[in-house]
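The values are calculated or read from the model by the stated rules, or taken from the named source; none is laboratory data. Computed from a predicted model, the values in this text were never measured in an experiment. Every residue, glycine as well, gets a Cβ built from its backbone with ideal geometry; the counts of neighbours run over all protein chains shown. Calculation scope for accessible area: heavy atoms of the full protein, side chains included, ligands and nucleic acids excluded. Shrake-Rupley method; radii C 1.70, N 1.55, O 1.52, S 1.80 Å.
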Amino acid sequence: MTGRIVVVGASMGGLRAAEQLRAAGWTGAITVVGDEPHMPYNRPPLSKEVLAGKVPFESLAFTPKASTADVEWLLGTKVVAARLAERTVELDTGSALSYDGLVVATGMRPRRLRCPGLLGGRHTVRTLADAQGLRAELTRPGARVVVVGAGFIGCEVAATAVGLGVREVTVVDPLPLPMVGPLGELLARVLLKRHEERGVRFALGTGVAGFEGDDRVTGVVLDDGSVLPADVVVESVGSVANTDWLQGNGLDLSDGVLTDEHLRAGGHPEVVAVGDVARFPNARYDGVPRRVEHWSIPTDTAKHAAKTLAAHLAGADVELAPFAPLPTFWSDQHDFRLQSFGAPGLGLDDVRVLDGEPDGDVLVGYHVDGRLVGVVALGGQAAAMGAAKYRAHLLKQPALTA
Amino acid sequence: MKVVVDMNKCQDHGQCVFAAPDVFSMDDSGHLAYVSDPDDALRDEVEEAADVCPLQAIRIED
């Protein structure tokens, strides 16, 4: 095979795409372009071990596979535009790259709060540089920390900060419970209690109206006008897909890159999307295209998308079953772990304790029309093993649309 | 093929057990056990296990 595949994005999704293209038989050139200066690295430790200062950066880097030895890496380089009709992407260096196949792997960036106040002392956690900058501030003696957003990242950061001995850690969220969106009320109540018992404070049911401080933040103003004193603020209020560079090509970019069941971007069989920037239908569930921000998704999508693209470029039909991954995620907070299989978010209206009890290790099931669609374990290793027992069951379930 | 797991990194997630059940397993207390010199026919499985390890603790040496 001759020609070139350009992979835009050099984090886990870009790396897995390059590896899987080789595994799928693509022997032509591969160029991976990424705007961070680093080779691909593992992000989950950023809000935990890296923030706690427990691991050096070197231990985060993925080990390169021999099959990707001849992949060209353009790091510290940003793709600023794409002309899909001409099969060309433009770089911030002013030059352009032409391609036969294109992999979109540009991922997400943190959403920022849009309210009055300077940026000094306000942080997000997405990149290594973010985590290093935040760590330097958390370890200042007597720092008071306000985390805005009680989702997974916010709760992990709060737990890590408490573990570091930070004097005051407060999590703010407009919703009444932490992580209630993806996990539902039952587990969210349990998690709130466990965080509070370990020293995290919460200001729930309130948004942030603004920030106080001159050169850097000194306080967070809540909706009712009250002020939480703060030396450090962490904004963990969701993320935005990095698709600006794809605009003007007729793609549906309303939330990531909309793809078909083989991860092809609309109308362009030579363009596939991988990782959390891809909004794909999952044949396992209801066929509604969604982005999935789980760690397992770059690997799952890369495997399927690489086969799709390699077949197309070889002039062959795509003979794959529609993409149907079993989502899985975990979250380590304080001394407990959440472990999930399936799609609990689809079954929030019918949540049942399957095993254990909320005060100890507990295994929770999520159902649609009485059918199990996801399980989440909270606790120690026994709970995680309990969840794993349901994995095979979830894999065997017929599609929700069946 | 030689399989090496960095047990300082391993946090017993068990994803490798799903990917390569002939090579990786969990003992009764939930800790990882593995075969360090599996048959070469299992290479694809082991590579998959290395890919899906959240801690990237699995290394394959030839």
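Between A and B, roughly 1600 Å² of accessible area is buried in total, ligands, DNA and RNA not counted and the probe set to 1.4 Å. Net charge in the neighbourhood of A:P327 (other residues with Cβ under 15 Å of its Cβ; Lys, Arg +1, Asp, Glu -1) is +2. Rounded to the nearest 10 degrees, the angle from helix A:128-138 to the longest Cα principal axis of chain A is 10 degrees. For region A:150-212, relative contact order (Cα pairs under 8 Å, six or more residues apart, normalised by length) works out to 40 percent. The calculated 222 nm mean residue ellipticity attributable to helices in the protein assembly as shown amounts to -6500 deg cm²/dmol, summing -39500 (n - 2.57) over DSSP H runs of n ≥ 4 and dividing by all residues. Report the far tail of the P(r) of the protein assembly as shown, meaning the percent of Cα-Cα pairs longer than 44 Å. Counting every Cα pair in the protein assembly as shown, those more than 44 Å apart make up 11 percent. Note on chain A: with a GNM built from Cα contacts shorter than 10 Å, the maximum mean-square fluctuation among A:A61, A:A316, A:A85 falls on A:A85.
Ordered by 1.4 Å accessible area with all protein chains kept, A:K389, B:K9 run largest first as A:K389, B:K9. Which pairs in the list A:K54/A:K193; A:K65/A:K307; A:K193/B:K9 are over 25 Å apart, alpha-carbon to alpha-carbon? Listed pairs above 25 Å: A:K54/A:K193; A:K193/B:K9.
Across chain B, C-alpha contacts under 8 Å between residues 6 or more apart give a mean separation that, scaled by the residue count, equals a relative contact order of 50 percent.
Toward the positive end of the charge dipole of region B:2-57, with +1 on the Cβ of Lys and Arg and -1 on the Cβ of Asp and Glu, the farthest Cα among B:A41, B:V5, B:M26 is that of B:V5.
Straight-line cross-link reach from A:K78 at under 17 Å between alpha-carbon atoms covers these aspartates and glutamates, not counting any fewer than eight positions away in the same chain: A:D35, A:E36, A:E90, A:D92, A:D244. Build a GNM of chain A with springs between Cα atoms under 10 Å apart, and of A:A273, A:A203, A:A17 the one that fluctuates most is A:A203.
Bridges between two residues of the protein assembly as shown, per DSSP, are antiparallel at a rate of about 60%. Comparing A:G315, A:L354, A:P398 along the charge dipole axis of region A:263-402, the residue lying farthest to the positive side is A:G315, per the Cβ-charge model.
Pairs of Cα atoms nearer than 8 Å and 6+ residues apart set the relative contact order; for chain A it is 15 percent. With a cut-off of 20 Å on the backbone N, the residues of region A:1-27 near the modelled label site 7 Å out from A:E86 along Cα-Cβ are A:4-8.
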